[in-house]
Amino acid sequence: MGDLARLARSAAVWQGLAGIALFLALWQVGGALHLPMLRHVPTPLEVLIQLATQVHSRQYWQSWYVSGQRVFLGYVIGVGLGVPLGLAMGMSRTFHSASFPLVEVLRPIPPLAWVPLSILFWPTMEQTIVSIIFLGAFFTVVLNVLGGVEAIDVNYRRAALSMGARPWHLFWKIVLPATSPSIFTGMAVGMGLTWEIVVAAEMIASIQAGLGFMMWQAYVGGNIALIIVSMASIGLAGLLSSGLIWMLGRRLTPWLRRT
Amino acid sequence: MLGFAAALGAWHLTTAVLRLPLFERITPPVTVFREWFNRTPAFGVSLFTPVYYEHIAYSVYRAYTAFFLAVLLGVPIGLLMGWRQRVYRFTFPLLETLRPIPPLAWVPLAILILPGIEPPVIYVTFIAAFFATVLNTLLGVLSIDRSYFRAAECLGFSPRNVLVHVVVPGAMPFIFTGLQIAMGLSWFALVAGEMIAGRRGLGYMIFDAYNMAQIPTIIMGMLTLGLLGYTSSALVRRLGRALMAWRGV
């Protein structure tokens, strides 16, 4: 409770809300003025009414749960494999030259381009979607971690080596602390990506549940307010998840001064 | 090179030699390459058919248009947000609310708001690249040691000089990480956008091939995308290296 009260008193929170409020107000006014771009777009109020009805439907929360479960599974596997691989690639030159070309060949293939092949490959649609989410999180994390290791000032390594550090010391005392900001950047970006992928995959693979499926149904049914509710829900889901990652990152890298 | 060979070997082994249960429906590499380099391809798309290059041209045009728009807008916005705390406080929550909305969730709205076929696909691609650019640029500025700013102030730098000598060079490594991610994301969103809304382009080609069960063409499209994506990020990386000569990577 104390945290909440402090939050409510901080100027940063109110300024952030003001930014969002301004955006919504412009949208509402633009809709009321019948601007050509916003002709088919419902105003924030209409979207809010739609949201109010959705909150009472079981199907809406079911969509949250199903999509969230897929994201969580694919993300955890992606981070769990991506961080060690990125660190290993950054630390060992041999491992780097053996695996980097492969990563570079597979990484640029957009995750969603894997959808058709994954559908053929995996026995169930559920596995298909989780594997696509995994791909998205995995490569983002690997690239960021690798970039983080490579950005370490060579002098730290030299200093440590000249003082007789073992590779293990290098890892725990230099590489891991220096890389942790990049790890969390990669994790946060990857988290944003997983929500993009789950929704797109649900739309393309036409699976029978999830927020993406809900949105696609709304699109087919011409319910634009529900489309926007879905967009906002996915945005919120992503915000909550990436907020969690940032919080974790801040707690684990206390030596970085943040504003 | 060894990595390539190992991957190709594994692909061949799992699909053609061992025929593992999950892999039985995947085409072996030999079949794919035979189709790719065939003058009269069984499924109508190969290196020798104009339609292949038409798909490529459309995808490249869309991806690069969106990417450059995103960089042009995203880098300055990110720099400003990282540098000026007031701007950061007012805009960051809005950015974080809009950012996780998947580019593809914009497809239906984009079709309704924007005229024609090209603008919605390019817009969706732009959205994807834009947020990655802004976020990484912002993080780059935040990662700069505060003492540099204090030192610059002590030395009486004008805001312009702080921007040119502290903010931009300090954020540069992150910006280029961001641009690489943005380039990847452009292709990512582009493909999905083309799958859902496009009439041409590699994403459309893959999805069309999927609907017709032409697996060699699917894999051909994926590899082509990989190649284009790789070339694109290699270009970004080379540019980054050229602009950050002081890091001597």
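Bear in mind that the values in this text are calculations on the coordinates, not laboratory data. Just so it is clear, the model here is predicted, and its values are computed rather than measured. Positions of Cβ are backbone-derived with ideal geometry, glycine not excepted, and every protein chain shown enters the neighbour counts.
Within chain A, the longest segment free of exposed loop sites, counting trypsin sites (Lys or Arg not before Pro) that fall outside DSSP classes H, G, I, E and B and have at most 15 other Cβ atoms within 10 Å, spans A:40-256. Projected onto its three principal axes, the C-alpha set of the protein assembly as shown covers 71, 67, 41 Å, listed from the longest axis down. Of the two radii for segment B:1-110, the radius of gyration is 1.19 times the Kirkwood radius, both from the alpha carbons; that is the Rg over Rh value.
The trypsin sites (Lys or Arg not before Pro) found in segment B:142-249 that occupy coil by DSSP, while having at most 11 further C-beta atoms within 10 Å, are B:Arg199.
Counting only other chain Cβ atoms within 10 Å of each residue's Cβ, the peptide B:112-120 averages 2. Counting Lys and Arg as +1 and Asp and Glu as -1 over every other residue whose Cβ lies under 12 Å from the Cβ of B:Ala189, the net charge comes to -1.
In debye, nearest 20: dipole of segment B:37-244 around its Cα centre with unit charges on the Cβ of K, R (+) and D, E (-)? Before the final figure, lay out the partial values.
On the way: 14 positive and 7 negative charges, 104 e Å.
Charge dipole, segment B:37-244, about its Cα centre: 500 debye, nearest 20.
The mean number of Cβ atoms from other chains found within 10 Å of a Cβ in peptide B:140-146 is 2, as a whole number.
Residues within the reach of a label modelled at A:Leu252 (point 7 angstrom out along Cα to beta-carbon, backbone nitrogen below 18 Å), restricted to segment A:192-227, are A:192-194. Dipole size of segment A:58-252 about its Cα centre, with +1 on Lys/Arg Cβ and -1 on Asp/Glu Cβ: approximately 620 debye, rounded to the nearest 20.
Each other residue within a Cβ distance under 15 Å of B:Leu95 adds +1 if Lys or Arg and -1 if Asp or Glu, for a net charge of +3. Between B:Thr40 and B:Ala242, the simple label model (points 7 Å from Cα in the Cβ direction) yields a spacing of 4.6 nm.
Counted by Cβ distance under 14 Å from B:Met205, the other residues give a net charge of -1, where Lys and Arg count +1 and Asp and Glu count -1. Counting Cα-Cα pairs of segment A:50-100 in 10 Å increments starting at 0 gives whole-percent bin shares of 22, 25, 19, 15, 13, 6. Restriction of the trypsin sites (Lys or Arg not before Pro) in segment B:8-81 to DSSP coil positions whose beta-carbon has at most 16 other beta-carbons within 10 angstrom yields B:Arg19, B:Arg25, B:Arg39. Between the residues A:Thr128, A:Leu81, A:Met191, the greatest Cα displacement towards the positive end of the dipole of segment A:58-252, with unit charges on the Cβ of Lys, Arg, Asp and Glu, is found for A:Leu81.
Ordering A:Pro110, B:Ala128, A:Gly19 by the projection of their Cα atoms onto the charge dipole of the protein assembly as shown, which places +1 on the Cβ of Lys and Arg and -1 on the Cβ of Asp and Glu, puts A:Gly19 at the extreme positive end.
Tell me, what is the Rg over Rh of chain A, with Rh the Kirkwood radius over Cα pairs?
1.05
Counting Cβ atoms of other protein chains within 10 Å of each Cβ in B:166-174 and taking the mean gives 1.
Over chain A, Cα pairs under 8 Å with separation of 6+ residues give a relative contact order of 22 percent.
With both labels modelled 7 Å from their Cα along Cα-to-Cβ, the A:His56 to A:Gln208 distance reads 2.7 nm.
When exposed loop sites are taken as chymotrypsin sites (Phe, Trp or Tyr not before Pro) in a DSSP loop with at most 14 other Cβ atoms within 10 Å, the longest stretch of chain B clear of them is B:49-249. The charge dipole of the protein assembly as shown, taken about its Cα centre with unit charges on the Cβ atoms of Lys, Arg (+1), Asp and Glu (-1) only, comes to about 1400 debye.
For chain B, what is the relative contact order in percent, using Cα pairs closer than 8 Å and at least 6 residues apart in sequence?
After rounding, I find 22 percent.
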